[in-house]
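Chemist: Dropping the structure in here first, questions after.
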Amino acid sequence: ARLSENLVQDGNKLTLSIVLPCGFEHDFFIRTAESLFYETPEEILKEIVIVDDASDPPLKESWSEEDAARFGVKYVRSDTALGLIGAKQLGAEAATGDIIVFFDCHVKPAENYWVPYVKEVHENYKRVVIPTITNLNIE
């Protein structure tokens, strides 16, 4: 069995909260959330927290809370711009999963992106896992 399959079946009880800090990213945030939803096993994905960092119009006007909820999304909004670090903090405070994963609001995850997070934290809950970008296709 593949490592990803073993992690799901091997008594792992850890869940992921994925935090997407989004400021005025109306063109990308839905595709990003959907691709994370489809790439993350349902038994591991606790939620996708979209942090609307004072976007105008608010992001949830582009994707209703009802539609977004089908993809495990919950919205958190700041009416004043917090910036990237402030938006990440707001999202982390709203997260309820065992592991918090931060992504930019305009990315597509690699296949099995979640495996190193779950594997490393499952082995030692004090670990911090930092991904690397191995290639970037700007097209």
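Chemist: List pairs: first in the stretch 19-47 and over 14 Å from GLY72 (Cβ atoms), second assigned to a helix (DSSP H, G or I) and open to solvent by 40 Å² or more (accessible area, probe 1.4 Å), Cβ under 7 Å, 6+ apart or cross-chain?
Modeler: Within 7 Å, the pairs are PRO21/LEU84; PRO21/LYS88.
Chemist: Any idea how many residues of the stretch 73-94 are open to solvent by less than 30 Å² (accessible area, probe 1.4 Å) and not in a helix (DSSP H, G or I)?
Modeler: 3
Chemist: Hey, another quick one. Answer yes if at least one residue in the stretch 51-69 is hydroxyl-bearing (Ser, Thr, Tyr), in contact (Cβ under 8 Å) with a residue 12 or more places away in the chain and within 17 Å of SER17 (Cα to Cα), and no otherwise. Can you show your working first?
Modeler: Initially, the stretch 51-69 is screened for residues hydroxyl-bearing (Ser, Thr, Tyr), giving 55, 62, 64.
Add one more test, that the residue is in contact (Cβ under 8 Å) with a residue 12 or more places away in the chain, and what stays is 55, 62.
From what is left, the residues that are within 17 Å of SER17 (Cα to Cα) are none.
No - not one qualifying residue is present in the stretch 51-69.
Chemist: Checking ALA54 against (1) at pLDDT 95 or above; (2) at negative phi, which single condition isn't satisfied?
Modeler: (2)
Chemist: I want to confirm something. Restricting to the stretch 95-127 and keeping residues that are assigned to a loop (DSSP other than H, G, I, E, B) and aromatic (Phe, Trp, Tyr), which single residue is farthest from PRO21 (Cα to Cα)? First the steps, then the outcome.
Modeler: Of the stretch 95-127, the ones assigned to a loop (DSSP other than H, G, I, E, B) are 95-98, 103-114, 124-127.
Subsequent filtering for residues that are aromatic (Phe, Trp, Tyr) retains 103, 113-114, 125.
Values: PHE103: 8, TYR113: 18, TRP114: 18, TYR125: 24 Å.
Per the stated criteria, the residue is TYR125.
Chemist: Being open to solvent by less than 40 Å² (accessible area, probe 1.4 Å) and under 16 Å from THR40 (Cα atoms) is the filter here; which residues of the stretch 95-104 pass it?
Modeler: Residues of the stretch 95-104 that are open to solvent by less than 40 Å² (accessible area, probe 1.4 Å), as a first pass: 95, 97, 99, 101, 103.
Residues satisfying the conditions are GLY97, ILE99, VAL101, PHE103.
Chemist: Would you confirm whether any residue within the stretch 74-85 is more than 19 Å from HIS26 (Cα to Cα) and either in contact with a Gly (Cβ under 6 Å, 6 or more places away or on another chain) or not basic (Lys, Arg) (or both)?
Modeler: Taking the stretch 74-85 first, the residues more than 19 Å from HIS26 (Cα to Cα) are 85.
Checking which are either in contact with a Gly (Cβ under 6 Å, 6 or more places away or on another chain) or not basic (Lys, Arg) (or both) leaves us with 85.
Yes, the stretch 74-85 contains a residue that is more than 19 Å from HIS26 (Cα to Cα) and either in contact with a Gly (Cβ under 6 Å, 6 or more places away or on another chain) or not basic (Lys, Arg) (or both).
Chemist: Another question about this same structure. Look through the stretch 8-54, keep the residues that are touching a Cys at 6+ places or on another chain (Cβ under 7 Å) and in a loop (DSSP other than H, G, I, E, B), and return whichever of them is surrounded by the fewest Cβ atoms within 10 Å (Cβ to Cβ).
Modeler: Applying the first criterion (touching a Cys at 6+ places or on another chain (Cβ under 7 Å)) to the stretch 8-54 yields 20-22, 25, 28-29, 32, 50-53.
Next cut, in a loop (DSSP other than H, G, I, E, B) only: 25, 28.
On the way: GLU25: 20, PHE28: 15.
So, considering only residues that are touching a Cys at 6+ places or on another chain (Cβ under 7 Å) and in a loop (DSSP other than H, G, I, E, B), the one surrounded by the fewest Cβ atoms within 10 Å (Cβ to Cβ) is PHE28.
The values are calculated or read from the model by the stated rules, or taken from the named source; none is laboratory data. Here the structure is a predicted model, which means the values were calculated and not measured. Counting neighbours? That spans all protein chains shown, and the Cβs are built from the backbone with ideal geometry, glycine included. All accessible areas refer to the heavy atoms of the entire protein, side chains included, with ligands and DNA or RNA removed. Shrake-Rupley method; radii C 1.70, N 1.55, O 1.52, S 1.80 Å.
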